[in-house]
Structures are given as structure tokens and as C-alpha cells.
1. Considering every residue within region 1-14, establish whether at least one is modelled with pLDDT under 90 and of a type in the set (Gly, Ala, Ser).
2. Among all residue pairs at least 6 apart or on different chains, which show Cβ distances below 7 Å where the first residue, located in region 80-96, is in a helix (DSSP H, G or I) and the second is open to solvent by 80 Å² or more (accessible area, probe 1.4 Å) and not β-branched (Val, Ile, Thr)?
3. Could you please find all residues in region 29-58 being polar (S, T, N, Q) and either surrounded by 10 or more Cβ atoms within 10 Å (Cβ to Cβ) or modelled with pLDDT of 80 or more (or both)?
4. Take residues that are in contact (Cβ under 8 Å) with a residue 24 or more places away in the chain and tell me which of the helices (runs of 4 or more DSSP H) falling wholly in region 1-43 contain 2 or more.
Amino acid sequence: VDTYLDVLQRSLQAMMATIADINVSWLSAHAKYHTLAHVVENIREFGPAVLYMSEKFESFNKVMRSHAVHTNRHGPSVDVARRFARYAVVRHLLSGGMF
């Protein structure tokens, strides 16, 4: 594991140096680059990155928010639930009646 993390650290440093050569303002303008600078430390402390990264949940929040925009604002959770239920029915029908 330590060998892998050392290789990862060197690769990330090389990537950051390349990005800085292209446009140094990108490093300060994008929070993801700052997060990458600490990913090896975080892996050592918290374990594999897949266990603590939240992009999957943040992208689902985008889906929920886009569905909630098209509601009457009186019961947005009900409207979103109905929309997901319709998607489930369509998926069921298109898959030949199987989930």
C-alpha cells in the first residue's frame, strides 16, 4: 500500500506541475485540484477514497433539485416521488416486465 501511495503522490505532483506550467490560475480557481493535493494524506487517514468521496451523492442532489424545480411548491417531495415512480414503471415496462 505504501508503494502505491508513493507512486500516486509522485504522479499527482507531476500532474500539478504540468497544470501549473499550462495555466497556474487553474490550480487556485478549482477546488478539485486542492483536494487532489491532499488525497494521499486522506487515503492514509480514512482509507480508500471511494469510502469518503461524495460526488455520487452530490450528483444525485442535482437530479433531485432538477425534479423539484417543476413542482407546484406545495408538496415537492411528493411530486419528486411520483416522478421517480413513473421512471420505475417505464423502466419495468421497457425491460420486459423485469427489474
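1. Checked against the condition, which is being modelled with pLDDT under 90 and of a type in the set (Gly, Ala, Ser), region 1-14 yields no hits at all.
2. Hits for this filter: 92/99.
3. Scanning region 29-58 gives 35, 42.
4. 2-22, 31-37
The values are calculated or read from the model by the stated rules, or taken from the named source; none is laboratory data. On a predicted model such as this, the values are computed, not experimentally measured, just so you know. As a convention, Cβ positions derive from the backbone with ideal geometry for all residues, glycine included, and neighbour counts pool all protein chains shown. In case anyone asks, the SASA skips ligands and DNA or RNA and just uses the protein heavy atoms, side chains included. Shrake-Rupley method; radii C 1.70, N 1.55, O 1.52, S 1.80 Å.
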